[in-house]
Each structure stands twice: as structure tokens, then as C-alpha cells.
1. Checking the cross-link filter: which lysines have an alpha carbon closer than 17 Å to that of LYS62, excluding same-chain neighbours under 8 positions apart?
2. How big is the accessible area of ILE73 in square angstrom, nearest 10, if you roll a 1.4 angstrom probe over the protein chains?
3. I want the local charge near GLU82. Using Cβ-Cβ distances under 14 Å, sum +1 for each Lys or Arg and -1 for each Asp or Glu among the other residues.
4. Could you give the distance between the Cα centres of segment 39-73 and segment 1-30, to the whole Å?
5. What's the longest uninterrupted piece of the chain once you rule out the trypsin sites (Lys or Arg not before Pro) that are loop residues per DSSP with at most 16 other Cβ within 10 Å?
6. What residue among HIS87, HIS5, LEU57 has its Cα farthest toward the positive end of the dipole of the chain, where the charges are +1 on Lys, Arg and -1 on Asp, Glu, each on the Cβ?
7. Tell me, what % of the accessible area of the chain is carbon and sulfur with a 1.4 angstrom probe?
8. Rg(Cα) of the chain divided by 2.2 N^0.38 Å?
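The values are calculated or read from the model by the stated rules, or taken from the named source; none is laboratory data. Source: prediction; values computed, not measured. No Cβ is skipped: glycine too gets one built from the backbone with ideal geometry, and neighbour counts run over all protein chains shown. Quick note on the areas: whole protein, heavy atoms, side chains included, nothing else; ligands and nucleic acids left out. Shrake-Rupley method; radii C 1.70, N 1.55, O 1.52, S 1.80 Å.
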Amino acid sequence: MATTHFIVHDTADTVGVIVVEEGVKKGQTLTGWVMENDATINVKAADDIPLGHKVALKPLKKGATVLKYGHDIGRTVADIREGGHVHVHNMKTKRW
């Protein structure tokens with residue numbers, strides 16, 4: 001059985017959450033599990049991404065809404081490549 005590197009809850013999500021303790025390395029092909037439909041997806045890591053941080057499932061333009069667990073969790077403040085590291089350096093809450 002292949003290692004699951006990230007988990008996606010909803011098919012509409014634009015990010016997945018890294019779940020491997022050692023994180024992932026740039027250039028690594030990642031396998032993700034989509035809980036909603038029990039599907040497997042693959043994304044190539046564009047950056048090193050630590051445990052618990054997010055990976056972009058598709059290219060995200062500056063100002064795009066970020067969906068995680070089926071919920072709007074904020075907006076991008078920079079363009080993010082598919083497989084890119086999504087965290088506080090390129091995503092902010094919409095609350096302020």
C-alpha cells in the first residue's frame with residue numbers, strides 16, 4: 001500500500017494537509033487520500049512542506065479563496081504553484 005502523504009476532506013478543497021511526520025521534500029510525488037469519495041490523487045511537491053502544513057492541489061492566484069475541510073479558511077496573498085507550500089507566508093484570514 002502506498003504512503004498517504006496528505007489528506008483532503010472534500011472534493012472542492014484547494015489544499016490538502018501533510019500527514020507524514022517527516023514532512024515532504026521538493027520534487028517528491030505525493031499521494032493524497034480524498035475522504036469524501038475515497039479517491040487517491042497525486043501532486044508533485046513544489047516546495048519542502050512540514051507536517052500539518054498545506055499543499056496546493058492546483059495553482060492558486062493571488063486573492064483566491066483557500067478551501068480546506070470543505071470550508072473557506074482564507075485567501076492567498078501571492079500566487080501559489082500546484083504542489084506549493086500554503087501557510088501564513090502566502091495565505092491570510094479574510095476576517096481582517
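1. LYS54, LYS92, LYS94
2. That residue has around 50 Å² of solvent-accessible surface.
3. Summing Lys/Arg as +1 and Asp/Glu as -1 gives +3.
4. 9
5. 27-60
6. Sorting the options by dipole projection puts first HIS87.
7. 52
8. So the chain has a normalised radius of gyration of 0.99.
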